[in-house]
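The values are calculated or read from the model by the stated rules, or taken from the named source; none is laboratory data. Only a predicted model underlies this, so the values are computations on that prediction, with no experimental measurement involved. Every residue, glycine as well, gets a Cβ built from its backbone with ideal geometry; the counts of neighbours run over all protein chains shown. Just so you know, the surface numbers come from the protein's heavy atoms only, side chains and all, with ligands and any DNA or RNA stripped out. Shrake-Rupley method; radii C 1.70, N 1.55, O 1.52, S 1.80 Å.
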Amino acid sequence: MTHAPALLVIDMQNALAEIAHRAPETIAVIAGLRARARAAGVPVVTVQHHGPPGGELAPGSDGWRIVPELAPEDGESVIAKTSADSFLDTGLDAALAALGTTELLVTGFATEICVDTTARQALSRRYDLVLVADGHTTSVRDAEGPYAEPDRSVAHHNEIFRHLDFPGRSIRVMPAADVDFGAP
């Protein structure tokens, strides 16, 4: 089987960037990786969460829009989703199949929700996986709350994915600077 990567950018929308930990740094990492993907002829697929009418992620609202630095270019796939799973009741799997994708490079928001769920679903759907270690983030949160602090959450998920075992699947966790769009 031919190695055919695609870059997936999950929920990098204005309203979510406003609450994201290290949003400018994460956006810059994804933008740089996206530029390299495009230069290498690797497709970029953007996932955009559609929230309920009147909400901050309601389709057409400013909060719903993809951050300007990551706005999809003409001809790129944009997948609408309504749950943490970018595959559930969406056209993502069909879009990836049409592109001939065998490996998914996952980036975006939020680490422990949409990024984690989508990455695991990609493995279950027989895609090889690259979790871009510095290309995903979570929400800013108080250290006293019930959730792990953002940096610990990102590090935790990176480490979990380094140790997942999906027979027949390649799973790699690496910083964007180490991503090579050629064969693994």
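For the chain, give the share of DSSP beta bridges that are antiparallel, in percent and rounded to the nearest 5; count only bridges with both residues there.
Working: 2 of 27 bridges.
Looking only at bridges with both residues in the chain, the antiparallel portion is about 5 percent.
Report the net charge of residues surrounding P167, where surrounding means a beta-carbon distance below 15 angstrom and charges are Lys +1, Arg +1, Asp -1, Glu -1.
+2
With a 1.4 Å probe and every protein chain left in place, tell me how much accessible area T101 has, in Å² to the nearest 10.
20 Å²
Round to the nearest 10 and report in Å² the accessible area of D178, as given by a 1.4 Å probe over the protein chains' heavy atoms.
For D178, the solvent-accessible surface is approximately 100 Å².
Starting from the Cα coordinates of the range 31-126, work out the convex hull volume and express it per residue in Å³.
Values: hull volume 10.0 nm³, N = 96.
For the range 31-126, the hull spanned by Cα atoms encloses 104 Å³ per residue.
Quantify, in whole percent, the carbon and sulfur part of the accessible surface of the chain (1.4 Å probe; protein heavy atoms only). Let's see the in-between values first.
Working: 4560 of 8630 Å².
Here carbon and sulfur together make up 53 percent of the probe-accessible area.
Give me the log10 of I(q) over I(0) for the chain at q = 0.10, 0.11, 0.19 Å⁻¹, as the Debye formula computes it from C-alpha points; what are the numbers?
With one equal scatterer per Cα and no solvent, log10 I(q)/I(0) is -0.35, -0.43, -1.37.
Order the following by accessible area, largest value first: H156, H136. Probe radius 1.4 Å; ligands, DNA and RNA are ignored. List each step's numbers first, then the result.
On the way: H156 100, H136 5 Å².
The residues order as H156, H136, largest area first.
When the Cα atoms of the range 101-178 are enclosed in a convex hull and the volume is divided per residue, what value in Å³ results?
Values: hull volume 6.8 nm³, N = 78.
Normalising the Cα hull of the range 101-178 by residue number yields 88 Å³.
Just the number please: accessible area per residue for the range 70-133, 1.4 Å probe, all protein chains included, in Å². Each step should come with its number before you reach the end.
Details: 2410 Å² over 64 residues.
Counting only protein heavy atoms, the per-residue value for the range 70-133 is 38 Å².
Under 15 Å from the Cβ of L92, count the other residues' Cβ atoms, weight Lys and Arg +1, Asp and Glu -1, and hand me the total. Spell out each step's value before the answer.
Details: positive: K81, R120, R125, R126; negative: D11, E76, D85, D89, D93, E103.
Neighbour charge sum, excluding L92 itself: -2.
Spelling out what I want: for every residue of the range 160-168, take phi, set θ = phi - 60°, compute 6.51 cos²θ - 1.76 cosθ + 1.60 (Karplus), and round to whole Hz; glycine and proline get x.
So the J values, rounded to whole Hz, are 4, 5, 5, 10, 5, 10, 10, x, x.
Which net charge results for the neighbourhood of T46, defined as the other residues with beta-carbon distances under 10 angstrom from its beta-carbon, given Lys and Arg at +1 and Asp and Glu at -1?
Working: positive: R34; negative: D11, E73, E76.
Here the count lands on -2.
Under a 1.4 angstrom probe, counting protein chains only, how are E149, E56, E112 ranked by accessible area, largest first?
Numbers: E149 90, E56 125, E112 50 Å².
The residues order as E56, E149, E112, largest area first.
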